[in-house]
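Bear in mind these aren't lab numbers, they're just calculated from the coordinates by the rules spelled out. Worth saying up front: this structure is predicted, and the values here are computed from it rather than measured. Methodologically, a virtual Cβ is constructed for each residue, glycine included, from the backbone with ideal geometry; neighbour enumeration extends over all protein chains shown.
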Amino acid sequence: MKKQILLFTLLFSVIPCFSQSTESLRITHGPWLQNLTNSGVTIYWTTNLPAVPGVWMIGSKPRADSLVRNSTDGQINAGGTLHKVVISGLLPGTKYSYRLNSVELMKLRPYQIYFGDTVKSKVFNFTTQSPLKDSTRFMVVNDIHTNGAKLAGFLKSGNAAGQDLLIYNGDIVDNFENEDQLLGPIIDTSVRYFASNVPFAFVRGNHETRGIMSRKLKNYLDFPDNSFFYTIDEGPVHFVILDCGEDKPDDNRYYYGLADFDQYRMQELEWLKNEVNTPEYRNARFRVIIVHMPIIPVYKIIYARLPFLIKENRGYGPGFLAEHFGPVLREAGADLMIAAHTHRHLWLSPPFSGYSFPVLINGNTNYVKAVATDQSLSIQVISDQGVSVFNKDLKKK
Ligand SMILES: [Fe+2]
């Protein structure tokens, strides 16, 4: 018995904490771009083994031919399998090329670090945003509910790679319980069609607030100021992205006392009140509100005569938003709201929208393509069969 214990002790004293894997290092998902701005971008990918993530910037100055690694609290980020590299200090309206550079980290002990293989990806490109850009193309998809084939159909039909921005307007994942739900059907599909070269902006829907992984959504996606409500300036369009929260009251028994959305939405409302008074909002050529659950101020007389419209305001969450956010948006004005959630296409022109601007609720079998120039915002709603079901040209007022 003593011999066995001695052998056991000897064995474990020589086995390193990062033992060499029989697998080779490889990229398992990505890269996918997030949070593209005038001066930077965030790049995500995963590897099968722990690695040191880096991004080689190629071609354009000021980052030409340099390896970008990020550090936290004085240490270069290393040792994980989900990688995030923030590239900053870029020039507006400039095309950059990049390739991933992952170095396997075999052993990480005090004064003893062993590196393994270096794996490089092929070269990808992105172009930083520019305030001088006079047109933009964007696509909106929503209510995918983890259906990768459906997402693929939309992205292929809409030529996602030819857009400047994709917007994922909520319920993209159907209750977030494990990372494969996001990495497989959503990230892999997005990467196949566009996401290594064109960013997508994620808008949280009510389904993304459910499941144990819902609290880790920000591990995989990057948001301005790390907030689910934010703005994007893309060419002539100023997008205001809102976070609708859950659809039922916080004290609903299915939330088991762990929902706090009323208080959260009131914080968001204060942010929105400030946002609509900024020069960026006031001076934008087009202001587009993006939100998963429709926000339609209640006009009792109109809705009494058209009872089918009441459906779009049904539920506690949409009602809360209509009551609190509706008046702020009505007062501020905008050019368009694009919503989702009801799984039913509906175009509401003024005054039925409750605003001086229209509301598009995109159904779950359609996607939206839009082209904005200095003078017009053209909207096209296209079915999963590739058939155009709705068109509208909005002129700058
Ligand atoms: Fe929804």
Practice prompt. Taking the convex hull of the Cα atoms, report for segment 37-141 its projected area averaged over all directions, in nm².
Written response: 8.6
Worksheet item: By count of other Cβ within 10 Å, fewest leading, how are Arg265, Arg26 ordered?
Response: Arg26, Arg265
Fill in: Likely footprinting exposure, Lys218, Lys369, Lys133, fewest C-beta neighbours within 10 Å first
Lys218, Lys133, Lys369
Item to complete: Select from Gln129, Asn35, Ala51 the residue farthest towards the positive end of the dipole of the chain; place +1 on Cβ of Lys and Arg, -1 on Cβ of Asp and Glu, and compute about the Cα centre.
Response: Ala51
Practice prompt. Please report the relative contact order for the chain, taking Cα pairs under 8 Å with a sequence separation of at least 6, and give it as a percent rounded to a whole number.
Written response: 13
Fill in: DSSP-assigned coil residues among trypsin sites (Lys or Arg not before Pro) in segment 60-94, each with at most 15 further Cβ atoms within 10 Å
Arg69
Item to complete: Tabulate in residue order the Karplus-calculated ³J(HN,Hα) for segment 84-95, using 6.51 cos²θ - 1.76 cosθ + 1.60 with θ = phi - 60°, rounded to whole Hz; enter x for Gly and Pro.
Response: 9, 10, 8, 9, 10, x, 8, 8, x, x, 10, 7
Worksheet, complete the sentence: The residues Val203, Val387, sorted from fewest to most surrounding Cβ atoms within 10 Å, come out as Val387, Val203
Response to the item:
From the cross-link list Lys95/Lys122; Lys133/Lys156; Lys84/Lys216, the entries with a Cα-Cα span beyond 20 Å are Lys133/Lys156
Fill in: Sequence-separation-based contact order of segment 27-127, relative, with Cα cut under 8 Å and 6+ spacing, percent
28
Practice prompt. Write down the radius of gyration of segment 49-106 and its Dmax, each obtained from C-alpha positions, in Å.
Written response: 12.3, 39
Worksheet item: So which chymotrypsin sites (Phe, Trp or Tyr not before Pro) in segment 83-146 are both in a DSSP loop and have at most 15 other Cβ atoms within 10 Å of their Cβ?
Response: Tyr111
Fill in: Restricting segment 140-248 to GluC sites (Glu not before Pro) in coil, as DSSP defines it, with at most 15 other Cβ within 10 Å
Glu177
Worksheet item: Can you give the Rg to Rh ratio for the chain, taking only C-alpha atoms and Rh from Kirkwood?
Response: 1.04
Worksheet item: DSSP beta bridges in segment 31-180, what fraction antiparallel, as a percent rounded to 5?
Response: 90
Fill in: Length-normalised contact order for segment 77-205 - Cα pairs under 8 Å, 6+ apart - percent
22
Worksheet item: Can you run phi through the Karplus equation (6.51, -1.76, 1.60; θ = phi - 60°) for segment 100-117 and list ³J(HN,Hα) in whole Hz, with x for Gly and Pro?
Response: 6, 9, 10, 10, 4, 10, 7, 8, 9, 10, x, 6, 8, 10, 10, 9, x, 5
